[in-house]
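Notes for the one structure printed next.
The values are calculated or read from the model by the stated rules, or taken from the named source; none is laboratory data. Please read all numbers here as calculations on a predicted model, not as lab measurements. Here the Cβ is made from the backbone with ideal geometry for all residues, glycine too, and neighbour counts use every protein chain on show. We work out accessible area using only protein heavy atoms, side chains counted, and drop any ligands, DNA or RNA first. Shrake-Rupley method; radii C 1.70, N 1.55, O 1.52, S 1.80 Å.
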Amino acid sequence: NKNKAKKPANKLLSNVSQDLWTIKDVMMGDRTPSEFTSALMNELARNKVPESWEPGYTRGLGRWISDLADRVWKLSKLTGTETQSEMSGRHSSATTADLEQGVFYSLGSFTNPRHFILSFLYDWAASNDVPLSDVAFNTKVVSLTSPGLPPDNGIYLEGLELRRAGWDTVKGLMYPTSPSAPPFPLPPVLLIPYNKQEQDSNTSLPQMTVSRIECPVVTRNEDFVSTFVLPSSHALNQWTHLKPSILVT
């Protein structure tokens with residue numbers, strides 16, 4: 001029964017929404033905090049999911065929000081209530097077969113893409129008892145037709161375009177283009193965090209790679225989001241004047 005399946009999710013969303021509005025009123029000075037609200041704010045400040053929202057959840061607040069968004073999306077698909085904007089925003093280019101293998105997050109659908117990535121890295125650091133200063137991440141561009149299963153600690157990101165560069169899907173390498181060339185659609189990127197003290201990030205690069213190119217990720221307003229390192233068979237000096245970047249669409 002579709003309506004029966006929606007009830008728990010609707011109740012949870014209603015509770016979360018009500019609690020957040022209450023916290024907002026408290027922070028604005030429009031309401032005196034109750035014992036429950038104070039406890040709620042303390043849990044959120046410590047990056048913990050309140051027990052009243054989901055008992056026993058230990059993977060961090062940012063990850064829980066991502067999990068909740070994915071559950072709501074799947075439920076809306078089941079009940080036929082997903083809007084066209086949700087369909088195009090959350091999984092803009094992934095096929096049905098791809099979605100069965102892993103969740104694709106379209107960075108452009110987030111109000112603050114930088115905060116989304118930082119929250120994911122913070123959760124990973126907390127879950128693995130690693131200082132945030134020791135956390136880095138690898139980026140791997142994957143095939144849309146066969147992306148494979150993401151690692152337990154990795155996420156797929158999509159909705160990205162290369163500027164002043166293209167992507168060779170056969171070789172899995174970036175190549176230079178004309179500065180006047182239009183942006184090149186980038187296949188989904190697998191982001192995998194790791195502990196810098198324990199892992200050499202160079203081990204996953206293709207053998208034929210001769211350079212690692214740092215590409216700033218920016219929004220259409222040129223707001224900085226992150227830096228992704230992509231492999232290229234072209235020497236570093238060939239990229240110096242091009243300054244390739246990745247655009248969040």
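Per-structure values
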| quantity | calculated |
| --- | --- |
| Accessible surface, 1.4 Å probe, highest first, among residues Met28, Met174, Met41 | Met28, Met41, Met174 |
| Charge sum, other residues only, whose C-beta stays under 14 Å from Pro179's C-beta, Lys/Arg counted +1 and Asp/Glu -1 | +3 |
| Theoretical gain in end-to-end length, Leu12 to Val229 [0.36 nm per residue, Cα-Cα removed] | 74.2 nm |
| Estimated FRET transfer efficiency when R0 is 41 angstrom, pair Leu236-Asp134 (beta carbons, to 0.05) | 0.95 |
